[in-house]
Structure formats: C-alpha cells, structure tokens
Amino acid sequence: MTRLPITEPEWLSHVDHTADECIEVVAPSPDVLFERLAAGWMLVVASPHGIEPREAWAVEVEGSDPEELLVNWLGELNFRHQCFHLVFAEFSVLEYDGSVLRAEIRGEAIDPTRHEILAEVKAVTYHHLRLAQEADGWRGRVLFDM
Amino acid sequence: MERNLAQPIAAGVWEIPACGAMRVPARLYATEELIDRAFADNAPEQAVNVATLPGIVGASLAMPDMHWGYGFPIGGVAAFDPDQGIVSPGGVGYDINCGVRLMTAPMQLADASSRLRKLINGLYDNVPSGVGTGGGVYLDERELREVLTDGARWAVRKGYGTKEDLECIEERGRLPDANPDFVGPRAMARGRDQIGTLGSGNHFLEVAYVDEVFDPVAAAAFGLAQGQITIMIHCGSRGFGHQVCDDSLPLMSKAAAKYGIELPDRQLGCAPISSPEGQRYLGAMQAAVNYAFANRQVIAHAVRKTFLDVFGGGKGSALRTVYEVAHNIAKFENHLVDGEEKRLCVHRKGATRAFPAGHPDVPKAYREVGQPVLVPGDMGTSSYVLVGTDKAMRETFGSTCHGAGRAMSRHAALRKAEGRDIVAELAAQDILLRARSPRSVGEEMPEAYKDVSTVVDACVQSGIARPVVRLRPVACMKG
C-alpha cells in the first residue's frame, strides 16, 4: 500500500513541460509503481494535507497492454475525483498482471475547508508515457493534459 | 527535427516538403523568431505526422502560436476529404470547443473605472470557477440531451441571452449533427452540473478597454470604439468534453488498426470519416461542441446580470455580443481545392476560423469587412481583435492563430512567482485580479506566456489575418 506522502518523496520527480504536467516515478515492483504513479497524480491535483482514508472503494481496470492499463488506471482515479468530488490518501494494488489491475483506494469527499485542490487534470495521455524495468527497479513516466 | 528542413516559401510561411509517408507538405506560419521557438518544441514534427494521415487535403498547417499538443500540434489545422479522409480526436483536443466570446458594454473606461472592483467581485460571485467546479445549472438527463442537441439555442430558449447573441456565434452556436446517443455515461455524469462554469487553468473572464484601433472601418462594423469597455469569456466544454475525448481515444486507436491506417504517433488515433467509428466520434464531439456553446452563453448571461447589478438598468443590460469563436473543433466547411469547391472536414486545434468579407457564414452585420477573430493574450498585456482575410481562405482553410501560447512550464512559472505578489504587481499596472487559487495566479502570470503581439505580427506578415483593435485588460478573473 502506498500512502499519499506529505512531503515530496524521493521516488517522485517532475519533468519540465511547457504546457502540461509530467511526472516520473521509480518503484521496486510494477504493483508499487502503479500505486506511486497514482499518488503522484494525486499530488498534482491536490495538496496532501488533510486528506484522510475515511472510505474505501474497489477499482478494477483493464488494458490491452501495461501502458493502456496505466492510462486507464489513472484515468479512472481522475474521473472519480472530478465526478464524485473525492480525494484519495491510500492506494493498494491487489492484483496486477499487465492487462488487469484490481486495487483498493481510500480517501474521502472533498471538503473545501480542509482540502486544497491545486489543478485540474483534463486527461492522462500517452505522450512521453514510459514503463520500464531498469537496474534500480521499475520506472514510469506519465504526462497529464492540464 | 532539424530546423533547416523548413524552407521559407513566402513572407512568414515555411514549408517542409512532402517526403516519406507524408501525403502533403507541412506549412508553418511563423516569423524567424517564432520558427526557431517552434523547432525547440516538437510542433513541426507533429505537423509532419499529421501530413501522413489519409485523405488530408492541401497541406498540414501550423499557425504562428504552434506548440506541442496531443497528437496534432496546438495551432494545427488540417482538412480531410469526407470520402477518403479521417477524423481524429487528436486534431480537436481534450477541451472540445474551447473558445472565446467578446462582448461590449456601452461605456468608456472612464465611466467604469470607479466600479471595476465591485464588477470583478460580482463576476467572481456570479460565475462558478476553479478546479473541478460544479455549481452551474443542474441538468437532468432529458435537459442535458437538449443542451447537446441545441447548444446556445437551448440557453437562449431558457432565457439565458437573446436571439441576437446567436447571430454572432460561430455556427450560430449549434452544430446540427450532434448525437447524444454516442456520448458515454461518464461524460453524461460529468456534464450534469458544469453548464455556466468557467473552470480553471488558462480559462478566464476579462474586462478590458479598446486601447488602440488599427482598422477604423472594421472596428466600427464590430461596434468597437477607442476606450470602450469589453468583456472576454474564455472557456470550453469542461469535464464533459474531456470525457468525450478520453472515451474516444481507445476506440480510435482500434479503428486505425482495423482500417489499416499506419500511425506515426499513437496519439493520432483516427477513423475514416464515413466509418461507424468516425461517425460515432463526430456525433459525440459535436455534442461537446454544443455543450461549450451553451456553457459560454450561460456565462454571458451571468456577466450581463453582474453588469446590471453594478451599473444599473440601461448600461448593464446592453452588453452586446461582438462574436464568439471556437478554438478546438472539427467541422464540415466548403473550401476551394484546385479551383473546385469541396466539402471538407476541417480540424482546428488551437486555431481560429477567420473567414473573409463576403463569406456567407460571416454574420450579415460584418459581411462587408469579414469575421471577427478573437485572440486573447495574457492577463497583464493585451488581447487582439483581428479580421479574416481572403488569403487565409485560400491558404489556411480560413484559419489563423488563437492566442499567445505558454512560454514557461507551470513549475517554472511558480518558481519565478515565488516571493512575489503577482496580484499587487498587476494592481500597479491598474489591472485587478481575482482568482480562486493562489497557485493559478503564479502559473498564469503574464511572463508565463509569449507576447501575443509577436503571434499577431506573424499572422499579419503572412496575410492570414488583419489587426482591428488591441484590448488592454483592467480586471481579470481566473479559476
């Protein structure tokens, strides 16, 4: 399980991009990589302060390959955030096989008195998308259309 | 991509000749300065990729404000044959029918200046804005489907504005072939409570005045006089349009494979216009176009209400729509190709339609001078009203630039803004700013954008638009 970090973690970096927002994450396994990319997305969208894991939701997404799976995973979270006005504090990937991902996410409804929403991600894109196993573990990069 | 691949072919026009898989050349509209910037980004490469798509007609074009976009470059214009060609969500963008409306108020800056603070506070209260904003007009499914079918006409029917407004909106505020049946449940869910909301990012409401008149005849036709107060609304189809685009991308990737279309970039997913997949996207995309037309019409109504509150009966109620343009759209238009009139599917992504004098789609009141083209700059400098030209009609499918474009990433802008009071800096230039988020003030500060004048100069140099007036902001509201 990956908990939303309060301070910028060492596994997350921001790749400078003129119009949009690009993050890069390293992790010891693909499961954790997907969790950390979700946390990275949440940090783009909202300040981590005050977000509590009060409710849990199951998420299941599919993709024809790991890249599509990643886009669909983050797209699903972004949809739930924007449509149901939720913010998330914890991300647990329960099952991952490269084409199906089952997870549990924990968070709460947005409360403007406690939560600061920073930005609106229009969509998760394939541009600059990268998923690879490297010497230091798994590396993932994703660009959000802002 | 190498800068020397583009050769100048006319003043302000560069061409990358067709080679390899390119079916047509790529033509880039830019000054020397802007072409160097464009190659530092990968917009020219994206224009080249677009040139490989089936059924493309003439050339793959990029306007002077070109920069990297999803699939197509921002500033990209491409027209496709309806029988042989494709339609691509990458050629429209996520914020379907993001666009700009310009209105005028019957008052001079001097009449308004003492009440600008009250005005911007009123706009801030009356127009929901900010990230993830709901709070607009809540629609049940039946009414949402009416919005998707009727666009701005729905809004006028509901009392948000007048029939005169419709005459001064591109396509009169409605594309007729929208099909709500092709819109997915997620987009419908996101569309329920966002009509009448501004959103965030680079979307804004801006009160300005006419700072300089370049073309008195066109300015008079548009009802713009030196010193006159104007209001600009910049926003689009909100989460509804983002979701329509998002939903279409996997389908279009599969369609490209199904129809044997080789894509140089996965983000150029597309389908033949005549295919079921192409028709499905066109129907849903046009529904999002209509959503955006309705959104801006409802916001315009809230702006009128605010002016009424602040300035009272006569002046407040007399806001007139000069024009409204779409920036992100694909639609069918007639254009001359090799001397023959053809119906084409024109994609404009971060580009503005710029039809010339005499064109039947230009409102009657403007037909002798041409279509108004609205080009917002940043909140600290200026915006422009241009007019369409015959040259644009011949060369760019009647298209020109749409804005300044970012010069700095959001992080770079925030770093640059650190320790500064941008609101106070703007106030020192007599520009009031209200914003929901302190972060958006930093991200959207004037230095984060290119100088819109250089983009306008490039359009003028290449003849694809003529300047009419320059607007200087006095009060701005950001999400």
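Structure notes:
- Of everything in segment B:21-50 that is modelled with pLDDT under 95 and exposed (fewer than 15 other Cβ atoms within 10 Å of the Cβ), the residue that is nearest to the other protein chains (Cβ to nearest Cβ) is B:40.
- Residue pairs meeting the criteria (Cβ under 9 Å; at least 6 apart or on separate chains; first over 19 Å from residue B:239 (Cβ atoms), in segment A:107-128; second of a type in the set (Lys, Arg) and assigned to a strand (DSSP E or B)): A:128/A:141
- Looking only at segment A:87-97, and only at residues there that are farther than 21 Å from residue A:47 by Cβ and without any contact (Cβ under 8 Å) to a residue 60 or more places away in the chain, the one that is farthest from the other protein chains (Cβ to nearest Cβ): A:94
- Number of residues in segment B:425-443 that are over 23 Å from the mean Cα position of the chain (by Cα) and either closer than 30 Å to residue B:337 by Cα or open to solvent by 60 Å² or more (accessible area, probe 1.4 Å) (or both) equals 5.
- Matching entry among A:109, A:119, A:123 (being open to solvent by 50 Å² or more (accessible area, probe 1.4 Å), within 13 Å of another protein chain (Cβ to nearest Cβ) and under 29 Å from residue B:444 (Cβ atoms)): A:109
- Among the residues of segment A:129-146, the one identified as away from every other protein chain (no Cβ under 14 Å), open to solvent by less than 30 Å² (accessible area, probe 1.4 Å) and either free of Cβ contacts under 8 Å to residues at least 12 places away in the same chain or of a type in the set (Asp, Glu) (or both) is A:132.
- Residues satisfying the stated conditions in segment B:406-464, i.e. of a type in the set (Lys, Arg), part of a strand (DSSP E or B) and at pLDDT 90 or above: B:434
- Selection from segment B:71-99 of residues that are closer than 22 Å to residue B:295 by Cβ, within 14 Å of chain A (Cβ to nearest Cβ), under 15 Å from the mean Cα position of the chain (by Cα) and not acidic (Asp, Glu): B:74, B:92, B:93, B:94, B:96, B:97, B:98
- Within the span defined as segment A:19-31, one or more residues are more than 11 Å from every other protein chain (Cβ to nearest Cβ), over 30 Å from residue B:130 (Cβ atoms) and hydrophobic (A, V, I, L, M, F, W, C).
- Filtering segment B:409-424 to residues that are over 30 Å from residue B:69 (Cβ atoms) and surrounded by 13 or more Cβ atoms within 10 Å (Cβ to Cβ) leaves only B:423.
- Only a single item in (1) away from chain B (no Cβ under 12 Å); (2) open to solvent by 10 Å² or more (accessible area, probe 1.4 Å) is not met by residue A:84, and it is number (1).
- Of the residues examined, residue B:45 is not one that is in contact (Cβ under 8 Å) with a residue 60 or more places away in the chain, over 30 Å from residue B:283 (Cβ atoms) and in a helix (DSSP H, G or I).
- Filter pass, residue B:142 being in contact with a helix residue (DSSP H, G or I) (Cβ under 7 Å, 6 or more places away or on another chain), part of a helix (DSSP H, G or I) and open to solvent by 80 Å² or more (accessible area, probe 1.4 Å): no
- Scanning segment A:43-73 for residues that are in contact with a strand residue (DSSP E or B) (Cβ under 6 Å, 6 or more places away or on another chain), within 11 Å of another protein chain (Cβ to nearest Cβ) and open to solvent by less than 40 Å² (accessible area, probe 1.4 Å) yields a count of 3.
The values are calculated or read from the model by the stated rules, or taken from the named source; none is laboratory data. Here the structure is a predicted model, which means the values were calculated and not measured. Reconstructed Cβ throughout: ideal geometry from the backbone, glycine too, with neighbour counts over all protein chains shown. The protein model used for the area step is the full one, side chains on, heavy atoms only, and it has no ligands, DNA or RNA in it. Shrake-Rupley method; radii C 1.70, N 1.55, O 1.52, S 1.80 Å.
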